[in-house]
Amino acid sequence: MRIAHISDIHCNYGSDFNSKVFDSAVKLLNKTDSDLVFISGDLTTWGLLSEYKLAKEKLKEINGKIVIVPGNHDERNLGYKLFPEFFGDPSFIHIYKNLSFVGLPSSEPDKDDGRLGRRRHRLIERGIKKGKKLTIVGFHHHLIPVPNSGREKNIIEDAGETLDIILKNEVPLVLMGHRHVPYGVKIHKTLLVNAGTFSCNRTRAHFGHTFNIIDIDNENITVTVVDITNNKQKKMIKFNLENGHYKNRYYNPDIRIE
Ligand SMILES: [Fe+2]
């Protein structure tokens with residue numbers, strides 16, 4: 001199975017949204033032939049009706065099945081009331097063959113920091129029980145600090161409890177966004193992966209605009225980062241689900257990942 005993981009699109013009529021980059025990004029995305037596109041929030045910048053309408057129009061350019069959770073920006077200015085109208089239930093469990101995908105809103109209206117809370121923790125546990133083999137959990141905010149993304153301030157406030165549920169249950173993959181920087185690391189038997197920004201002008205240093213391709217088979221999860229501007233792909237992480245072996249080019253740039 002192949003999941004394209006994109007994040008932080010930031011549709012906006014001010015300076016945030018880069019429509020030229022969005023168009024190039026969608027061309028690359030549509031060539032990945034993914035079974036599923038997961039968007040980990042911040043489709044808008046101010047949660048405004050005009051931005052929701054723009055986001056809805058823009059997403060029509062993406063081929064295939066899309067699942068979406070909201071980000072902190074989408075919940076501003078009553079945007080949390082618009083999200084379900086435009087993109088459906090922000091909390092969900094979807095089953096794909098033997099995989100269960102749990103999507104959760106980690107934002108609170110008009111706040112930049114995130115929180116899941118007990119109700120959503122229970123949804124993670126329900127998703128784990130429903131899935132026959134693999135569970136993927138996706139939300140907007142980061143669960144652990146992300147290097148190269150500035151001083152820590154928006155990590156979910158119940159990160160400890162959330163991490164405990166995820167690690168105890170050996171959830172193999174958690175997908176997040178928010179920091180506009182791609183990143184991935186393995187803790188215990190879980191791969192924590194952040195997507196960078198797809199089309200927001202607020203990029204960090206040379207990280208630019210990126211999205212992730214996640215390939216999952218019976219043995220491995222492989223994460224490839226696509227550099228949108230340079231049209232380059234780099235396999236960044238390979239995690240063997242059977243023996244727990246793990247290669248990470250963020251920390252060992254010299255290794256090759258086949
Ligand atoms: Fe965000």
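Just so it is clear, none of the values below were taken in a lab; they were calculated from the coordinates. These figures come from a predicted structure and were not determined experimentally. FYI the Cβ positions are ideal-geometry reconstructions off the backbone, even for glycines, and counts take in every protein chain you see.
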Hey, Pro145 hits all of (1) in contact (Cβ under 8 Å) with a residue 12 or more places away in the chain; (2) of a type outside the set (A, V, I, L, M, F, W, C); (3) surrounded by 13 or more Cβ atoms within 10 Å (Cβ to Cβ); (4) more than 12 Å from the ligand (Cβ to nearest atom) but one; which does it fall short on?
-> (1)
Is it the case that some residue within segment 9-16 is surrounded by fewer than 22 Cβ atoms within 10 Å (Cβ to Cβ), touching a residue at least 60 places away in the same chain (Cβ under 8 Å), more than 16 Å from the ligand (Cβ to nearest atom) and assigned to a strand (DSSP E or B)?
-> no
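Would you be able to say whether some residue in segment 70-87 is out of contact with any Pro (no Cβ under 6 Å at 6 or more places or on another chain), closer than 17 Å to Ile214 by Cβ and in contact (Cβ under 8 Å) with a residue 24 or more places away in the chain? Break it down stepwise before answering.
Initial filter on segment 70-87 (out of contact with any Pro (no Cβ under 6 Å at 6 or more places or on another chain)): 71-74, 76-79, 81-82, 84-87.
Among the residues that remain, those that are also closer than 17 Å to Ile214 by Cβ are: none.
Within segment 70-87 (the criterion being out of contact with any Pro (no Cβ under 6 Å at 6 or more places or on another chain), closer than 17 Å to Ile214 by Cβ and in contact (Cβ under 8 Å) with a residue 24 or more places away in the chain), the answer is no, since none of the residues qualifies.
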Residues of segment 46-80 satisfying the condition of being hydrophobic (A, V, I, L, M, F, W, C), assigned to a helix (DSSP H, G or I) and under 19 Å from the mean Cα position of the chain (by Cα) | Ala55, Leu59
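If you go through segment 22-45 one residue at a time, how many are within 16 Å of the ligand (Cβ to nearest atom) and either touching a strand residue (DSSP E or B) at 6+ places or on another chain (Cβ under 7 Å) or in a helix (DSSP H, G or I) (or both)?
If we filter segment 22-45 for residues that are within 16 Å of the ligand (Cβ to nearest atom), which is where we start, we get 38-45.
Filter once more, so that each one left must be either touching a strand residue (DSSP E or B) at 6+ places or on another chain (Cβ under 7 Å) or in a helix (DSSP H, G or I) (or both): 38-41, 43-44.
Total satisfying the criteria: 6.
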Can you tell me which residue within segment 214-241, out of those that are surrounded by 16 or more Cβ atoms within 10 Å (Cβ to Cβ) and in contact with a helix residue (DSSP H, G or I) (Cβ under 9 Å, 6 or more places away or on another chain), is farthest from Val174 (Cα to Cα)?
-> Ile228
Which one of the conditions (1) in contact with an Asp or Glu (Cβ under 8 Å, 6 or more places away or on another chain); (2) surrounded by fewer than 20 Cβ atoms within 10 Å (Cβ to Cβ) does His206 fail to meet, given that it meets all the rest?
-> (1)
Name the one entry in Thr222, Thr229, Thr210 that is out of contact with any strand residue (DSSP E or B) (no Cβ under 7 Å at 6 or more places or on another chain) and of a type in the set (Ser, Thr, Tyr).
-> Thr229
Any chance Ile62 is out of contact with any Gly (no Cβ under 9 Å at 6 or more places or on another chain), under 29 Å from Ile95 (Cβ atoms) and either buried (at least 24 other Cβ atoms within 10 Å of the Cβ) or of a type in the set (A, V, I, L, M) (or both) | yes
